[in-house]
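> Here it is: the structure, laid out below.
The values are calculated or read from the model by the stated rules, or taken from the named source; none is laboratory data. None of the values given here were measured: they were computed from a predicted structure. Neighbour counts are summed over all protein chains in view; Cβ atoms, including those assigned to glycine, are modelled from backbone coordinates with ideal geometry.
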Amino acid sequence: MFGYGLFDPTFIILLPAIIFAAYAQSKINSTFNTYLRVRNSNGYTGYQVARIILDKHGLQDLPIELINGNLTDHYDPRKRILRLSNAVYNGNSLASVGVAAHECGHAVQHQEAYIPLTVRNTIAPIASIGSQLSWILVLAGLFFGFTGLIDIGILFFSAAVLFQLITLPVEYNASSRAIAMLTDYNLVPADEVGPAKKVLSAAALTYLAATIVAVMQLLRLLILRGRRD
Ligand SMILES: [Zn+2]
């Protein structure tokens, strides 16, 4: 049984991905904290920028709420609420307006029924259950020598990987919308677009890393499965 534990030799194939994920995490933290100290020259807070963008898109009825935590900012498509963390909501830094505009990008994607977002929201519940259940099924399958269970586990995990993959275009698109909206609505001057972009690119890197980790985990499960035959 030890051969199938978490630290069996196949764990090695995950290592580069895990190191990359750690790098991406430290990159977003340092980039965000750097530009959190740089005030945007218009002095807009994240809340103000979000309100302007949403209103311009006819989303005056979409509420913006304050949420606890650091980098917890998100758009909730089920409740149609934009939630911004304190540093973004009340901050008037380049990081604050960049993140606020990015979350508005998701709200606009939702409004326009942007296809990758629709697909992502549809598979989200299956992916969430799948990622939790898959390892239990795979480990149980390996333990009892029941290949059928392993296959179902891998199938569930594939849904989680698919979710990560479809998240990438959703995130990159929200960031490019954010940059375009910040520029088009004159929310930040041209020379401040670059720094805002840097924050969003660093955030996107964490999604890329999470996807690579998920793909490598799937590969690892397939290797474990292959050993059964
Ligand atoms: Zn996003």
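> Would you confirm whether or not the stretch 162-171 contains a residue that is under 23 Å from Gly46 (Cα atoms), in contact with a His (Cβ under 9 Å, 6 or more places away or on another chain) and within 14 Å of the ligand (Cβ to nearest atom)? Steps first, answer last, please.
Here is the first cut: in the stretch 162-171, the ones under 23 Å from Gly46 (Cα atoms) are 170-171.
This time we only want the ones that are in contact with a His (Cβ under 9 Å, 6 or more places away or on another chain), so: 170-171.
Pick out the ones that are also within 14 Å of the ligand (Cβ to nearest atom) and you get 170-171.
Looking through the stretch 162-171, at least one residue is under 23 Å from Gly46 (Cα atoms), in contact with a His (Cβ under 9 Å, 6 or more places away or on another chain) and within 14 Å of the ligand (Cβ to nearest atom).
> Turning to a different aspect of this structure: Name the one entry in Ala202, Ala210 that is buried (at least 20 other Cβ atoms within 10 Å of the Cβ) and either of a type in the set (Gly, Ala, Ser) or within 16 Å of the ligand (Cβ to nearest atom) (or both). Full working, then the answer.
Numbers: Ala210 fails: buried (at least 20 other Cβ atoms within 10 Å of the Cβ).
Checking each option against the conditions leaves just Ala202.
> From the set of residues in the stretch 1-27 that are of a type in the set (Gly, Ala, Ser) and modelled with pLDDT of 85 or more, which is surrounded by the most Cβ atoms within 10 Å (Cβ to Cβ)? Please lay out each step first, then the result.
At the first step, the residues of the stretch 1-27 found to be of a type in the set (Gly, Ala, Ser) are 3, 5, 17, 21-22, 24, 26.
Within this subset, residues satisfying the condition of being modelled with pLDDT of 85 or more are 17, 21-22, 24, 26.
Working: Ala17: 19, Ala21: 19, Ala22: 11, Ala24: 21, Ser26: 11.
Within the stretch 1-27, the match that is surrounded by the most Cβ atoms within 10 Å (Cβ to Cβ) is Ala24.
> Tell me whether the stretch 139-156 contains one or more residues that are part of a loop (DSSP other than H, G, I, E, B) and either charged (D, E, K, R) or away from the ligand (no atom under 15 Å from the Cβ) (or both). Working first, answer last.
Taking the stretch 139-156 first, the residues part of a loop (DSSP other than H, G, I, E, B) are 145-146.
Keeping just the survivors that are either charged (D, E, K, R) or away from the ligand (no atom under 15 Å from the Cβ) (or both) gives 145-146.
Within the stretch 139-156 (the criterion being part of a loop (DSSP other than H, G, I, E, B) and either charged (D, E, K, R) or away from the ligand (no atom under 15 Å from the Cβ) (or both)), the answer is yes, since at least one residue qualifies.
> Further, regarding this structure: Being surrounded by 15 or more Cβ atoms within 10 Å (Cβ to Cβ) and in a helix (DSSP H, G or I): is that true of Arg120 here? Explain how you work it out, then say what you get.
Numbers: surrounded by 15 or more Cβ atoms within 10 Å (Cβ to Cβ): yes; in a helix (DSSP H, G or I): yes.
In short, yes.
> Can you tell me which residue is farthest from the ligand (Cβ to nearest atom) among those in the stretch 65-92 that are buried (at least 20 other Cβ atoms within 10 Å of the Cβ) and not small (Gly, Ala, Ser)?
My answer is Tyr89.
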